[in-house]
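First comes the structure, then the notes that go with it.
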Amino acid sequence: MTDRIFTGVVWLGAGVMTALFLWLLGDLLWQGASHLSGSFLLSDPADSGRSGGIASILVSTLLILAVALLAAIPLGLMSAVWLTEYTRRDGTLGAAVRLSLDVLAGVPSIVFGLFGNAFFSVYLGLGFSIVSGGLTLACMILPIFIRTSEAGLSAVSDDWRRNAAALGMSRASVLWHVLLPAAAPAVASGIMLGVGRATAETAALIFTSGYVDRMPTSLFDSGRALAVHIYDLSMNVTGGDRAAYASALVLIVLIVAINTGALALSDRWLARKVTFS
Amino acid sequence: MIWSRPSFLSRWPTDRWLAPGLGVAAAGAGLILLLVLVFLLREAAPLLGSHAAIGFLLDAGWYPLEGQFGMLPMVVASLAAALGALLLAAPLGIVSAIFLNFSAPPGVAHLYRMIVALLAGIPSVVFGLWGLTVLVPLIARWQPPGASLLAAILILALMILPTVALTSASALAAVPKSLLHGAAALGLTQQGTILRVALPAARGGIINGVLLAGARALGETMAVLMVAGNVVQYPGGLLDPVRVLTANIALEMAYASGAHRAGLFASGLLLTLAVMLLAWLAIRASHGGRHD
């Protein structure tokens, strides 16, 4: 009897959560899709975003994302390789780097915004620009990217390293031709996690890449990211809710699309480079 | 590590600079945290040295233009919002985890896991938008003005639910099967097995997840900023509009200068320390509560 009540409570809890999710998703789809159209994606915002579209916003968002990934991926991969291949598991230096990254991963995004503003915008003189925003995001996504890639690299069997060493391969080519391809799915999922976090980010960008909604002409222009656009439309622009919902729908579709793309890309990379199992 | 021979003995020239190069990159990545803290301190320094540092606690309120930097109302609001969200999200998240691991048929569990993962991927600004346009008007119909501590708690709870659910689910999945089989052999009901065996065994992982979710709630900016009303005051009840620390930074950074700007950086520093403390407790919980 009590077992049945318990099961009921568990199913009820799951039901409540599913209902909340469907409510949220339904609102997004219903209110967003009605305002969404081809011209919304292809025209620049007008009248503070009430009318017009989000073309310039999309370009800025993708540029910020590109800067963030271009900075984070090389630095992150090199760090992950160093952590797995060149430190002992109980080494102090490696442990210090890992601890520092774990703490960094927990720093609130608004604090990254403060830091990015003080360091990139003011101290380095980059101002409110796409570069400032992208580099701030790079700092933000670095920990999760490194830790995921590191997990992928250390999951590669040591047999592969021994075999490669026995064949007289240089460490560089072992890395490039064996270890990194084998860890590619983990690296890709690290990138996906990072992209998801970066695309969704608002608080870290308001004071680094800024508010300007014009089409950026260079990386040193200020550019408004999609998430910042949604915030501005819903808080500061009366009558901007419909455009905000449409932008929110685009943002979510963008995140899902980038994730799917990264997954497909990593599958192809894996198939091309590692043909033994 | 199997590459015990030092890199400089390698007969390949690229290997000789590979190790130091990678080491420099890793050191750079590790130093970012230090850089963040140094710049927070540097910008907050004009206030930290002076009498105003005590003023963070003692000043009557947050009137930065008059040199009053009393952060306590916003600290209380931040804590209240995060704690309220945890009180809602923790039970529902743990129930979700039990559902995933014990109650749901495989197909349903797969679907449910997808829903939770999708919910986890929704940007906070979208939660804020939804809260502002759906939840706040709903609360306002009952008790105006609607934008309130309650709205912040509800939106935060929805946001951190996936974190609690997913971490608790993986903690429950890691409970050794032999424990569950033993419980079944002793004739425990499913309820008994879950409540008396599985949950206590997964205690460390669950507490770890709840604390991490709490840290996320404390550090969240946009969603709270958009629904909480942003009046600097001690929350007298659930329906009072409040302003949390993170929202204060986002609202005032645009025009802050001088001591005001320093005050905002000081509040950022305080926030970082609070979140670091929670993360430290989470790590301790996951080590201390392990069941053997």
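A few points about this structure:
- Pairing each residue of the stretch A:174-203 that is within 13 Å of another protein chain (Cβ to nearest Cβ) and more than 16 Å from A:L70 (Cα to Cα) with any residue that is not in a helix (DSSP H, G or I) and not aliphatic (A, V, I, L, M), provided the two are 6+ apart or on different chains, yields C-beta distances under 6 Å for A:A200/B:P123; A:A203/B:T221.
- Residue in the stretch A:39-47 that is within 21 Å of the chain's Cα centre (by Cα) and within 27 Å of A:I230 (Cβ to Cβ) present: no
- Residue in the stretch A:44-55 that is over 27 Å from B:L22 (Cα atoms), small (G, A, S), in contact with a helix residue (DSSP H, G or I) (Cβ under 6 Å, 6 or more places away or on another chain) and without any contact (Cβ under 8 Å) to a residue 60 or more places away in the chain present: yes
- Of all residues in the stretch A:100-139, those being more than 7 Å from chain B (Cβ to nearest Cβ), surrounded by fewer than 20 Cβ atoms within 10 Å (Cβ to Cβ) and part of a helix (DSSP H, G or I) number 4.
- The set of residues from the stretch B:136-181 being without any contact (Cβ under 8 Å) to a residue 12 or more places away in the chain and assigned to a helix (DSSP H, G or I) comprises B:P137, B:L138, B:A140, B:R141, B:W142, B:K177, B:S178, B:H181.
- Any chance A:A188 is crowded, with 19+ Cβ neighbours inside 10 Å and at pLDDT 90 or above: no
- Of all residues in the stretch B:198-236, those satisfying the criterion of being facing chain A (nearest Cβ under 10 Å) and charged (D, E, K, R) are B:R216, B:E220.
- Residue selected from the stretch B:182-193 under the condition assigned to a helix (DSSP H, G or I) and at pLDDT 90 or above, by the criterion surrounded by the most Cβ atoms within 10 Å (Cβ to Cβ): B:A183
- Those residues of the stretch A:149-162 which are more than 11 Å from every other protein chain (Cβ to nearest Cβ) and either crowded, with 17+ Cβ neighbours inside 10 Å or more than 33 Å from the chain's Cα centre (by Cα) (or both), in sequence order: A:S149, A:G152, A:L153, A:V156
- Residue count for the stretch A:211-244 under the criterion of being within 14 Å of chain B (Cβ to nearest Cβ), assigned to a loop (DSSP other than H, G, I, E, B) and not charged (D, E, K, R): the result is 8.
- Residue match in the stretch B:116-125 (condition: touching a Phe, Trp or Tyr at 6+ places or on another chain (Cβ under 7 Å), within 12 Å of another protein chain (Cβ to nearest Cβ), at pLDDT 90 or above and closer than 25 Å to B:L273 by Cα): yes
- Residues in the stretch A:19-39 that are more than 22 Å from B:V134 (Cβ to Cβ) and in a helix (DSSP H, G or I): A:G38, A:S39.
- Condition check for B:L195: within 12 Å of chain A (Cβ to nearest Cβ), closer than 17 Å to B:F99 by Cβ and of a type outside the set (S, T, Y): yes
- Here B:A60, B:A80 are screened, and the one residue that is farther than 30 Å from B:Q191 by Cβ and either within 11 Å of chain A (Cβ to nearest Cβ) or not in a helix (DSSP H, G or I) (or both) is B:A60.
- For the stretch A:62-99, a residue qualifies if it is within 7 Å of chain B (Cβ to nearest Cβ), in contact with a Gly (Cβ under 7 Å, 6 or more places away or on another chain) and touching a residue at least 60 places away in the same chain (Cβ under 8 Å), and the qualifying residues are A:L75, A:L83.
- Of everything listed in (1) crowded, with 16+ Cβ neighbours inside 10 Å; (2) more than 14 Å from chain A (Cβ to nearest Cβ); (3) at pLDDT below 90, the single unmet condition for B:L86 is (3).
- Residues (within 11 Å of chain A (Cβ to nearest Cβ), part of a loop (DSSP other than H, G, I, E, B) and surrounded by fewer than 24 Cβ atoms within 10 Å (Cβ to Cβ)) located in the stretch B:237-254: B:M253, B:A254
- Just one of the listed residues (B:V126, B:V134) is in contact with a helix residue (DSSP H, G or I) (Cβ under 8 Å, 6 or more places away or on another chain), surrounded by fewer than 23 Cβ atoms within 10 Å (Cβ to Cβ) and within 24 Å of A:E201 (Cβ to Cβ), namely B:V134.
- Filter pass, B:A262 being in contact with a helix residue (DSSP H, G or I) (Cβ under 6 Å, 6 or more places away or on another chain), crowded, with 17+ Cβ neighbours inside 10 Å and either more than 10 Å from chain A (Cβ to nearest Cβ) or not in a helix (DSSP H, G or I) (or both): yes
- Residue within the stretch B:265-282 that is within 10 Å of chain A (Cβ to nearest Cβ) and not in a helix (DSSP H, G or I) present: no
- Per-region count, the stretch B:253-263, residues without any contact (Cβ under 8 Å) to a residue 60 or more places away in the chain, closer than 14 Å to B:Y63 by Cα and of a type in the set (A, V, I, L, M): 0
- Of all residues in the stretch A:84-105, those satisfying the criterion of being out of contact with any Lys or Arg (no Cβ under 7 Å at 6 or more places or on another chain) and among the aliphatic types (A, V, I, L, M) are A:L93, A:A95, A:A96, A:V97, A:L99, A:V103, A:L104, A:A105.
- Filter pass, B:P176 being surrounded by fewer than 19 Cβ atoms within 10 Å (Cβ to Cβ), touching a Gly at 6+ places or on another chain (Cβ under 9 Å) and of a type outside the set (A, V, I, L, M, F, W, C): no
- Scope the stretch B:126-146; condition more than 9 Å from every other protein chain (Cβ to nearest Cβ) and over 21 Å from A:A225 (Cα atoms); matching residues: B:L135, B:V136, B:P137, B:L138, B:I139, B:A140, B:R141, B:W142, B:Q143, B:P144, B:P145, B:G146
- Residue count for the stretch A:245-262, restricted to those that are among the small types (G, A, S) and touching a residue at least 24 places away in the same chain (Cβ under 8 Å): 4
The values are calculated or read from the model by the stated rules, or taken from the named source; none is laboratory data. Only a predicted model underlies this, so the values are computations on that prediction, with no experimental measurement involved. Positions of Cβ are generated from backbone atoms using ideal geometry, with glycine treated the same way; all protein chains shown enter the neighbour counts.
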